[in-house]
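The values are calculated or read from the model by the stated rules, or taken from the named source; none is laboratory data. Only a predicted model underlies this, so the values are computations on that prediction, with no experimental measurement involved. Backbone-built Cβ (ideal geometry, glycine too); neighbour counts: all protein chains shown. In case anyone asks, the SASA skips ligands and DNA or RNA and just uses the protein heavy atoms, side chains included. Shrake-Rupley method; radii C 1.70, N 1.55, O 1.52, S 1.80 Å.
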Amino acid sequence: QVQLVESGGGLVQAGGSLRLSCAASGSIFGINVMAWYRQAPGEQRELVATIASGGSTTYRDTVKGRFTISRDNAKNTVYLQMNSLKPEDTAVYYCYADIRRNRGASFYGYWGQGTQVTVSS
């Protein structure tokens, strides 16, 4: 079994900061891409940021310069530092990871349970 457990969400005023964490545990041989998605009420889930195993990153345009994704490969953990938060950042944030459970297995996508981020104006 593989689990992704998120933490760090909450309520913050506009302009504030939050740091999300997501730790993968269980039978893990390797992790490729890790990512953060978000879903606002009534909206589709959207990609926020990705980070490859080597550390290269991508961001959606609306968070560039405000959010930073990072990972600790030794801890199988991905982080999302969110600064200068805006009310439109309000959403449930989900982490995602491409995980290989053993040497002979293919990579498979796993999701966390989601953590609520609410930004008040």
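Test residue 27 against the stated conditions and say whether it is hydroxyl-bearing (Ser, Thr, Tyr), open to solvent by 20 Å² or more (accessible area, probe 1.4 Å), within 15 Å of residue 5 (Cα to Cα) and at pLDDT below 95. For residue 27, the condition - hydroxyl-bearing (Ser, Thr, Tyr), open to solvent by 20 Å² or more (accessible area, probe 1.4 Å), within 15 Å of residue 5 (Cα to Cα) and at pLDDT below 95 - is met. Look at segment 105-121: where a residue is free of Cβ contacts under 8 Å to residues at least 60 places away in the same chain and a partner is part of a loop (DSSP other than H, G, I, E, B), sitting 6+ places away or on another chain with Cβ atoms under 9 Å, you get 108/101.
Given the structure, is residue 10 open to solvent by less than 30 Å² (accessible area, probe 1.4 Å) and farther than 15 Å from residue 69 by Cβ? The answer is yes for residue 10.
Would you be able to say whether some residue in segment 68-82 is touching a residue at least 40 places away in the same chain (Cβ under 8 Å) and of a type in the set (Lys, Arg)? The answer is yes, given that some residue of segment 68-82 is touching a residue at least 40 places away in the same chain (Cβ under 8 Å) and of a type in the set (Lys, Arg).
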